[in-house]
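Structure first, then comments.
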Amino acid sequence: MEDDIKKAVKEVKNTERNFVQSVELSINLKDLDFKKPESRIRGEVVLPEGRGNPTHIGVFAEGDMAQRAKKRNLDVYSKEDIEKLGENKKKAKKMAESHEFFVAQADLMPLVGRTLGPVLGRKNKMPKPLPPMAPLEPVIEKLKNTVAIDSKNNPVVHCYIGTEEMAEDALSENALAVINAVERLLPRGRGNISSVFMKTTMGKPVRVI
């Protein structure tokens, strides 16, 4: 499969545009009953070669954790901010869409769940809880190279694996990591995958397997 991935990467990188295109995998699934919640494929994958572009991370925190997050130029939301967002669904949705991941001070999780849970949960973006004095750096550094996978109720998983500016080998490694991660989440592994396609933002899909 590695050779098939490398061949697909080489082909998709030929679709140049006047902007930097994202590269995405579409993994088509089979022999699963998507009416059942347990058939929903959901998880996270750390891309071994990174995302190739900035990751937007929001932090729900106060006090010391909030200050540490601000020093890292992260978007910080206080208890008051959370309550206000909970009263304004439009702003809450915009906030959710503008970040890939969220981290929350553990004692704020009940408030986040109560006020923003419906918005964040639907988008598979519920925050990762951290004790108030826990180090932020390891979590943030890991999230910078992480992508979420979520089939929702569809027989396909779409997943970002990088940008066209990344080296072919780097995109190949990321693609392999995502495919392997999805396989591990499936009852029959590769037996539940019917096909895999790769494409850039404006390019045509190229079959991998």
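Taking region 89-133 as the range and being of a type in the set (Lys, Arg) and not in a loop (DSSP other than H, G, I, E, B) as the test, the residues that pass are Lys89, Lys90, Lys91, Lys93, Lys94, Arg114, Arg122, Lys128. The requirement of being modelled with pLDDT of 95 or more, assigned to a helix (DSSP H, G or I) and polar (S, T, N, Q) is fulfilled somewhere in region 62-70, by at least one residue.
Residues of region 71-88 being charged (D, E, K, R) and in a helix (DSSP H, G or I), which ones? Let's see the steps before the verdict.
Just the residues of region 71-88 that are charged (D, E, K, R), to begin with: 71-72, 75, 79-81, 83-84, 87.
Lys71, Lys79, Glu80, Asp81, Glu83, Lys84 - these are the residues of region 71-88 that are charged (D, E, K, R) and in a helix (DSSP H, G or I).
Scan region 105-120 and tell me whether some residue there is free of Cβ contacts under 8 Å to residues at least 12 places away in the same chain and closer than 30 Å to Met202 by Cα. There is no residue in region 105-120 that is free of Cβ contacts under 8 Å to residues at least 12 places away in the same chain and closer than 30 Å to Met202 by Cα.
Residues are listed down the side, and each one gets a yes or a no for (1) closer than 22 Å to Glu44 by Cα; (2) of a type in the set (S, T, N, Q); (3) out of contact with any strand residue (DSSP E or B) (no Cβ under 8 Å at 6 or more places or on another chain); (4) exposed (fewer than 15 other Cβ atoms within 10 Å of the Cβ):
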residue: Lys71; (1), (2), (3), (4): no, no, yes, yes
residue: Ile82; (1), (2), (3), (4): no, no, no, no
residue: Gly86; (1), (2), (3), (4): no, no, yes, no
residue: Lys91; (1), (2), (3), (4): no, no, yes, yes
residue: His99; (1), (2), (3), (4): yes, no, no, no
residue: Val103; (1), (2), (3), (4): yes, no, no, no
residue: Gly113; (1), (2), (3), (4): yes, no, yes, no
residue: Val119; (1), (2), (3), (4): yes, no, yes, no
residue: Lys125; (1), (2), (3), (4): yes, no, no, no
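For first residues located in region 64-76 and under 15 Å from Ala106 (Cα atoms), partners that are in a helix (DSSP H, G or I) and lie 6+ apart or on another chain with Cβ distances below 6 Å form the pairs Val76/Ala66; Val76/Ala69; Val76/Lys70. Any residue that is within 28 Å of Glu173 (Cα to Cα) and basic (Lys, Arg) - is there at least one of those in region 51-59? Checked against the condition, which is being within 28 Å of Glu173 (Cα to Cα) and basic (Lys, Arg), region 51-59 yields at least one hit. Of all residues in region 41-61, those being under 18 Å from Val182 (Cα atoms), in contact with a Ser or Thr (Cβ under 6 Å, 6 or more places away or on another chain) and in a loop (DSSP other than H, G, I, E, B) number 1. Taking each residue of region 22-33 that is more than 16 Å from Arg207 (Cα to Cα) and looking for partners that are β-branched (Val, Ile, Thr) and assigned to a strand (DSSP E or B) with beta-carbon atoms closer than 8 Å, six or more apart or interchain, yields Ser22/Thr163; Ser22/Thr200; Lys30/Ile193.
Screening Glu24 on (1) more than 17 Å from the chain's Cα centre (by Cα); (2) within 30 Å of Gly189 (Cα to Cα) shows it passes everything except condition (1). For region 12-50, which positions are farther than 19 Å from Met1 by Cβ and of a type in the set (A, V, I, L, M)? Matches in region 12-50: Val20, Leu32, Val46. Of the listed requirements (1) touching a residue at least 24 places away in the same chain (Cβ under 8 Å); (2) under 30 Å from Lys30 (Cα atoms); (3) surrounded by fewer than 16 Cβ atoms within 10 Å (Cβ to Cβ), Val182 misses just one: (3).
The values are calculated or read from the model by the stated rules, or taken from the named source; none is laboratory data. What you are looking at is a predicted structure, and each value in this text was computed from that prediction instead of being measured. Methodologically, a virtual Cβ is constructed for each residue, glycine included, from the backbone with ideal geometry; neighbour enumeration extends over all protein chains shown.
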